[in-house]
Structure formats: structure tokens, C-alpha cells
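Engineer: Below: one structure in C-alpha cells.
Just so it is clear, none of the values below were taken in a lab; they were calculated from the coordinates. Worth saying up front: this structure is predicted, and the values here are computed from it rather than measured. So basically every Cβ, Gly included, is an ideal-geometry build from the backbone, and we count neighbours across all protein chains shown.
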Amino acid sequence: MLFLAILALFIFVIWGVSKFFEVVFDNWSSVAALITTLATTGGAIATWMAAKRAAESAQIARESMEATMHLGSQTLEETQATNRRTAFESRYNMLLAQHDNYHRQLCDYLDENKEGVEAFFSKHIYDTTLDKCFSFLTGHQIISRYMRVLYHLLKYVRESGDFSGKDNLKFQKNYTSPLRSTIRNDVLLLIAVNALNVRDERAKSSSYPYYQQLLHDFDFFEHAIFMFPRTPNELFMRDDWQSNVHDLVLNVQSHFDENLKQSVVNKSRSFEVPDIRLFSPMVMVITVFNNPMKNTAFHALNSLPVHLCLRADLHERINEVLSSHRYAKKFTENLADSEYTTRSNTTPRKINDEIMSEMDVKTFSDYCDYDGYYFKLFVLGVYEKASGQEIRGYLKEYKRAMHLERLIERYHSIEGYMRHMTQLNQEKVADFICNEIADYDVRTTQ
């Protein structure tokens, strides 16, 4: 484009010269003027070309300077990042060494099988509250010191382990994952339970919620086997993990089967299907933190009500109680028409209201004045003999199952009652998941 412009200018000048000679050829002064004009024009063009080359040189110099400055700035940033990383790793290694030392001390303490340790792993972890677990963990000379250094190590990685100017959590896990892999499985359980202490104001002011958030951020328990803290490989020798959770809730912490059997034979005034205890520190750590059992635990909790009411032993025990109730009912219904004799008087006498009232009042007592009497009752077309103590036993069986009998009648059958009980437990599980578990998870409460 520049060349075409100069060519056009030169043609225009030549054309002007030709016209000029046609008009004033005989005027030599005009020729001189023409020559001067041409020289001036050529000089202007040369000056313009030189100025252009100078401007291009200046632009090249400016661009070179900018590139040099950018390279210098980039080199400075890289140097600063390297220095930050070196300083970070130096402090990280110091904290890591401190952690490893305290971790060894904690493992040695746990291996001594002291009374408090065994109580934690065999009892408190299945309790109805977290109080005893917190009491064991908080303020303990060895355990608390370990928890503090672990917290400061994770906090340091999260807040200082970044050399790119970005919140690079994936990069930070390069430091926390190897750390986690060195921590023993039973210690991981202690860490998880300790991090559930997020509900009261004192715990909140002591940075426990942030501590738990760090554990979430770093997926700290993704390989922890909470249900078998001392023998983690045991989980992988079992095929049905959901049954493990069912057993945990029903038998380990609720003692459901044991209580059901006792409820059939004990001296309580009413037969009741035992309640299921959903809460325990063990259930909480399995459901709050990401771990291999978490999804299975939620599936198990949601299926627990149906699983419970389909159990053959529950149906068997209910049928056993109802059968005893109905058999005893035949005796109690005919008691008013019965006759009795005593050891000193074998002549049959008609039972009276005083005897019936006394036996009724003392149905669940250990002793009644009429236990030694002998009663003759007409039951199902056959005369039956029973002592006063046996009659009180029938009264007990009758009264103990009256509430259950009414429930069966209300829901038309055992199956109808089971559907009712399933619904109640489903509501209980839903409330437990949506409220109680969520209350201990800082990700849902922030």
C-alpha cells in the first residue's frame, strides 16, 4: 500500500511537470522552480520514509523491552513460588514429624488395653449419646495432644499449601493423602468421633466445626473401616454389608433380640415389641463422613423397618405371646364360676369377690395369700385344676398381652400391625436422617 501511494505521488508530479512545460516552456525561471519543487518533494518523501523506519525501530525496541519485563516478572513470580513452596514444605515436614511422634505415642497407649480404651471401643461407641465418648477424648493428655497437632497440620496445608494463587485442593491432597495412609484404623475412629463435637457453643468457639470441615475437604476417611476399628480386614470377609449395619443397630446397640426374648418371659406388666435405637456414635461417624460403609449404612437404615417386621423370630414371639394370652383368657373368664379348696379344708367352696380382687391386685407380686389354694375351673368343657399361684400366672399372661391383643384387633391381623409398626419406624428413620444426622454434619448446618 505504501509503495502504491509513493508511485501515485510520483506520477502526479511528472504529469504536473509536463503540463507546466506546455504552458511556460520558454520561461527558464519556471524550470528552475520546477527543479526546486521536485527536489523538495523528493526530500519530503525521504524524510517521511526515514521517520517511518525510526518509528518501526522504536516499536520493536518497546516490544522487546515489554517482553524482557514480562519474562523478568514471570521469573520473579516463579522464584517467589519456589521460595514459598520450600518454606511450606519445611514447616510441613516439621509438623509431620511431630504428628508421627504423637501418633506412635497414641498407638502405644491404645495397645496397652487400658480400661478406658476398652470401654470406648466396646461400650461407649454404641451408647445413646456422645457424652461418654467426648469425656474420654477431650482433655486426655495423649489423645488431645495428638488431635491438636493433626488439626494444625491439616489447617496449615489447607491455608498455606497453595503456590499457584488458586485454591488447589487437589494439589493439597498430595500432602494429606500420604499422611492419612500412615494413621492406624482405630485412631481414625477416634478422630472421627472427636470431630462430631460441633453442636454446643463452646465446641464452635474452639474451631471444631472447621476441624470437621477440613476432614471433609480432604476425604480423610475414604478408606476408614469404622465398624471394625481393630480388625478392618474383617469387613471385606463379609459379603452382605447391609446385614452388618442391621445387626449393628438391632443387636449391638439396641439388643433387640435379647430384649424381645426377655419381654416374652419377664415379669413386666405389658408385653412390648422392643424399641430400636438408631443413634450411636458408631452410626453417626458411618453416616456423617465419607467412608466405604456410608452408602450401605443409609440403605440399611431405610430398609431397617421392613427388614425388622419381616423377621420370622419377631412373628414367632408375637404368636407365642398371643397364644399364651388366649389360653390364659379361658381361665380368667371362668374364674368367677370356679370352686376352691384349701389344705385344711377339702370341701369345695364357691370363689368370692374378695379372693378374686386380692389375686387381681397381686397379679404381678411375688406372693399372694391364696397361692396355696386349689381351684377347679370348667374350661372348654373340661374341668381343670390349678393352684392359686398358677391362677395368678394365667392372670399375668392375660394382662401382659392385653395391649398387644388390642393392637392386633385394631389393625385386623398381625400383618396389619406389622405394617403399622413399619410405618412408625420409617418415620423415625426419616426424622433421624433428616434432622439428627444432619445436625452433626457441618456441611448441612453452615
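Engineer: Remind me, relative contact order of segment 203-348 in percent, using alpha carbon pairs under 8 angstrom and six or more residues apart?
Structural biologist: 24 percent.
Engineer: Right, something else. Using alpha-carbon positions, what is the distance between the centroids of segment 154-211 and segment 225-255, in Å?
Structural biologist: Value for the Cα centre distance between the two parts: 26 Å.
Engineer: What size of dipole, in debye to the nearest 20, comes out for segment 315-410 about its Cα centre when the only charges are +1 on Lys and Arg C-beta atoms and -1 on Asp and Glu C-beta atoms?
Structural biologist: Details: 16 positive and 17 negative charges, 34 e Å.
Taking the Cα centre of segment 315-410 as origin, the dipole is about 160 debye.
Engineer: If you don't mind, another one. What does the extension gain come out to for Arg269 and Glu115, with contour length at 0.36 nm per residue minus their alpha carbon separation?
Structural biologist: 51.7 nm
Engineer: Which residues does the label zone of Lys330 cover in segment 369-396, counting backbone N under 11 Å from a point 7 Å along Cα→Cβ?
Structural biologist: 378-384
Engineer: Pull up the cross-link candidates among the lysines for Lys350, meaning alpha carbon to alpha carbon under 25 Å and not fewer than 8 places away within one chain.
Structural biologist: Lys329, Lys330, Lys362, Lys376, Lys385, Lys396, Lys399
Engineer: Which of the peptides 375-381, 343-349, 241-247 is most tightly packed, and how do the rest follow, going by the mean number of other Cβ atoms within 10 Å of each residue? Mind showing how you got there, number by number?
Structural biologist: On the way: 375-381: 14.3, 343-349: 8.9, 241-247: 18.1.
Sorting 375-381, 343-349, 241-247 by mean packing, highest first, produces 241-247, 375-381, 343-349.
Engineer: Quick one: divide the alpha-carbon radius of gyration of segment 165-251 by 2.2 N^0.38 Å and tell me what you get. All intermediate terms of the calculation are to be shown ahead of the outcome.
Structural biologist: Working: Rg = 15.7 Å, N = 87, 2.2 N^0.38 = 12.0 Å.
After normalising by residue count via 2.2 N^0.38 Å, the value is 1.31.
Engineer: Extension gain Asp108-Asp439, at 0.36 nm per residue separation less the Cα-Cα distance, in nm?
Structural biologist: 115.8 nm
Engineer: While we're here: Among Met227, Met293, what is the fewest-to-most ranking by other Cβ atoms within 10 Å?
Structural biologist: Going from least to most buried by this count: Met293, Met227.
Engineer: Assuming R0 = 41 Å, can you tell me the calculated FRET efficiency for the pair Lys428 and Ser207, based on Cβ-Cβ distance, to the nearest 0.05?
Structural biologist: Result of the calculation: an efficiency of 0.80.
Engineer: Turning to a different aspect of this structure: If you average the alpha carbon positions of segment 425-443 and of segment 96-147, how far apart do those two centres end up, in angstrom?
Structural biologist: 27
Engineer: When ranked by the protection proxy of mean other Cβ atoms within 10 Å per residue, highest first, what sequence do the peptides 329-340, 85-96, 388-399 form?
Structural biologist: Packing proxy ranking, top to bottom: 388-399, 329-340, 85-96.
Engineer: Another one. I want to check a number: in segment 92-217, how many lysine pairs have alpha carbons closer than 24 Å, given a sequence separation of 8 or more or different chains?
Structural biologist: Lysine pairs satisfying the spacing and distance rule in segment 92-217 number 8.
Engineer: What percent does the relative contact order of segment 92-217 come to when contacts are Cα pairs within less than 8 Å and at least six residues apart?
Structural biologist: Rounded, it is 27 percent for segment 92-217.
Engineer: A further question follows. By counting other Cβ atoms within 10 Å of each Cβ, how are Cys107, Cys133, Cys309 ranked from fewest to most?
Structural biologist: Result, fewest neighbours first: Cys107, Cys309, Cys133.
Engineer: If contacts are Cα pairs under 8 angstrom and at least 6 residues apart, what is the relative contact order of segment 315-410 in percent? Let's see the in-between values first.
Structural biologist: Values: 119 pairs, mean separation 33.3, N = 96.
Relative CO of segment 315-410 lands at 35 percent.
Engineer: Pop the C-beta distance of Thr129 and Thr79 into the FRET formula with R0 = 45 Å and round what comes out to the nearest 0.05. Before the final figure, lay out each step's value.
Structural biologist: Working: r = 55 Å, r/R0 = 1.22.
FRET efficiency, Thr129 to Thr79: 0.25.
Engineer: At a 10 Å Cβ-Cβ cut-off, how would you order Asp313, Asp371, fewest neighbours first?
Structural biologist: Values: Asp313 11, Asp371 16.
Going from least to most buried by this count: Asp313, Asp371.
Engineer: Which order do the peptides 115-124, 408-417 come out in when sorted by mean C-beta neighbours inside 10 angstrom, highest first?
Structural biologist: Result, highest mean first: 115-124, 408-417.
Engineer: Right, next: Put a dot 7 Å past each Cα toward the Cβ at Asn345 and Met237; how far apart are the dots in nm?
Structural biologist: The two pseudo-label positions are separated by 7.1 nm.
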